[in-house]
Amino acid sequence: MPSLLKEYAEFLRQFRARYETTGAILPSSRFLAHALTRPLATRTRAVRILEVGPGTGPVTRRIVRLMRPQDRLDLVELNDQFVALLRDRLTSEPEFRAVAEQTRLHHGPIQEFQTDAPYDVIISGLPLNNFSPEQVEEIFGCFFRLLASEGVLSYFEYMFLRG
């Protein structure tokens with residue numbers, strides 16, 4: 001439980017400091033995490049997974065629970081405080097530690113991210129409503145550049161909200 005309180009407190013601090021790129025008051029719920037990771041629960045082979053905007057890691061937690069030994073996970077996060085928290089989780093929390101060798105954490109915008117192979121599943125937690133239409137178009141261009149031809153893109157948007 002202390003980890004969850006720490007996660008919520010850090011998220012709220014970052015919301016207050018960087019609303020434009022944080023986008024919500026609280027981290028994603030477990031219900032949203034289950035919906036976003038549904039493609040992982042139904043797959044039949046090893047996959048390359050990209051999570052963009054993992055924040056404090058509530059969706060990441062669900063991803064690591066679904067990962068198999070041959071899977072690969074890349075996390076791309078812009079916020080330096082969230083990167084530090086995720087790095088700590090990968091070394092201190094048992095579920096995260098179990099997949100640490102299969103996971104790479106990248107600090108920076110998705111627009112600058114490069115990889116050696118496409119992803120089977122891309123999961124986005126980016127607050128798209130906070131971005132300009134041009135930024136959203138650029139981000140989706142990155143997603144489709146990084147997605148395998150038969151890959152799945154999983155993301156959400158808030159309804160009736162524009163940043």
Qualifying residue in region 89-107 (condition: closer than 23 Å to His34 by Cα, under 16 Å from the mean Cα position of the chain (by Cα) and free of Cβ contacts under 8 Å to residues at least 12 places away in the same chain):
yes
What residue, of Leu153, Leu146, Leu105, is in contact with a Lys or Arg (Cβ under 7 Å, 6 or more places away or on another chain), surrounded by 16 or more Cβ atoms within 10 Å (Cβ to Cβ) and either modelled with pLDDT under 95 or not aromatic (Phe, Trp, Tyr) (or both)?
Leu105
If Thr60 satisfies every condition in (1) within 14 Å of the chain's Cα centre (by Cα); (2) at pLDDT 95 or above; (3) part of a loop (DSSP other than H, G, I, E, B) but one, which is the exception?
(3)
Among what's in region 116-134 and is at pLDDT below 95 and not hydrophobic (A, V, I, L, M, F, W, C), pick the residue that is nearest to the chain's Cα centre (by Cα).
Gly125
Which of the residues that make up region 43-60 are among the hydrophobic types (A, V, I, L, M, F, W, C) and under 20 Å from Phe140 (Cα atoms)?
Ile49, Leu50, Val52, Val59
When (1) more than 19 Å from Leu50 (Cβ to Cβ); (2) in contact with a Pro (Cβ under 7 Å, 6 or more places away or on another chain); (3) not hydroxyl-bearing (Ser, Thr, Tyr) are applied to Leu146, the one that fails is (1)
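The values are calculated or read from the model by the stated rules, or taken from the named source; none is laboratory data. If you're wondering where the values come from, they're calculated on a predicted model, not measured in any experiment. Neighbour counts run over all protein chains shown; Cβ positions are idealised from the backbone, glycine included.
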